[in-house]
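Shown next, in structure tokens, is the structure this report addresses.
Please treat every number below as a calculation from the coordinates, not as lab data. In this text the structure is predicted, and so the values were computed from the model without any measurement. Heads up, the Cβs are rebuilt from the backbone with ideal geometry, glycines too, and the neighbour counts pull from every protein chain shown.
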Amino acid sequence: MIIQPTSLAALAWAGAASGSAAESWRIGTVLAARPLGINQDGLMVLQIGALTVEAEAPRSQLPSQFQVRVLSLGAEPLLEVIGASMPEPAMQVALRERLPQQNGYGPLLATLDALAQRPALRQLPAYLRPALALLEHGVRTPAEITRGEGLEEAINRSGLFLESQLAQAQVDMAVLSQEDWKGALLRLASLLDDYLPARRAPSGDSETPPPLQQRGLQAQPRVQLPPELLNDDIDSLLGRLHGEVHAALARVEVAQLEATTVPAWMIEIPLQGENGRDILQLQLQHNGGAEGGSAWTLGFALDLPALGPIHGELQLRDLRLAVRLWAERADTVRRLEQQFSTLRNQLSASGLILDQLSCQQGLPQSASPHSAILLKTMA
């Protein structure tokens with residue numbers, strides 16, 4: 001942590017810097033320090049060596065005693081905090097715990113499909129079957145998400161906003177917890193914990209992936225289960241499901257934790273496709289507009305067996321819309337372009353002004369950890 005004193009609390013900085021009180025303030029010098037409190041201006045008052053100084057309050061709480069190293073001098077010197085065990089923010093602790101546990105929804109959806117096709121599923125305890133059905137109910141259909149209100153409902157029930165919605169007054173908690181994806185995951189995870197208490201912890205030798213925002217949008221293909229699992233061994237499938245439900249829960253919670261620090265939302269919506277289930281990934285950001293206008297960016301990624309990976313970006317500024325699409329396959333580009341006339345007519349009828357509508361072959365390349373999600377425009 002770096003501390004930058006802005007002034008002395010009781011003396012003129014320039015005068016004190018030339019006096020005996022500041023003789024020990026040389027570059028590289030290590031000084032004892034302790035916080036004295038916050039003044040009426042919101043600045044932290046620190047005792048550093050023989051001087052009392054003011055500085056911007058750090059994001060993390062400082063210990064009662066610590067040391068600083070002088071990095072630079074001048075009107076506002078820089079001091080590096082050393083020799084202190086800084087408490088880690090709770091959000092970072094939670095994120096670090098969940099990152100090794102999280103995984104995409106693909107394996108979970110494949111296991112749900114396999115279980116649904118097993119006659120022996122009827123032999124499961126009665127309390128497990130409704131929880132499985134509840135989770136399957138959270139898988140949206142294409143007809144639902146291609147309507148504005150249906151997509152809004154899918155986003156609201158994606159699990160990202162469960163706790164904030166539960167905190168609202170006059171909300172039916174029982175109904176919400178059943179309709180919400182995270183609520184269904186929590187219910188099934190709890191029941192599976194009782195049914196299969198010896199859940200295997202994630203392997204510690206695998207590389208932990210970065211948070212979702214840093215990876216950017218990813219078109220996620222369907223997952224094929226190993227052939228040995230596609231038999232009538234329900235216990236093996238349930239054991240697999242047990243770990244995948246907890247991994248999906250960690251996935252949702254990683255997205256929730258990131259949303260507290262990054263001005264964007266990463267949302268994943270399970271979809272019922274033809275002969276399988278797919279994943280729609282959305283990246284939504286409110287950018288703010290000039291002169292009080294509204295500006296939104298919506299990125300999406302989807303991998304359908306018939307079309308392959310597709311990425312897109314929609315930028316809306318007031319009533320002006322720019323749409324950019326990318327598809328890995330050339331035939332998919334042609335199929336999408338064939339729908340452009342219909343799309344233009346629909347947008348015109350809705351009152352939007354279409355500034356750009358394009359589709360390119362290939363997938364967009366990320367330029368930076370956060371803007372990657374927003375699909376930087378390709379030249």
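Observations on the structure shown:
- The chymotrypsin sites (Phe, Trp or Tyr not before Pro) of region 247-307 include none that meets both conditions, a loop assignment by DSSP and at most 15 other Cβ atoms within 10 Å of the site Cβ.
- Loop-located chymotrypsin sites (Phe, Trp or Tyr not before Pro) in region 93-171 (DSSP state other than H, G, I, E, B) with a sparse environment of at most 13 neighbouring Cβ atoms within 10 Å: 127.
- Listing 177, 158 from fewest to most neighbouring C-beta atoms within 10 Å gives 177, 158.
- Counting other Cβ atoms within 10 Å as a rough exposure proxy, the listed residues 113, 180 run 113, 180 from fewest neighbours to most.
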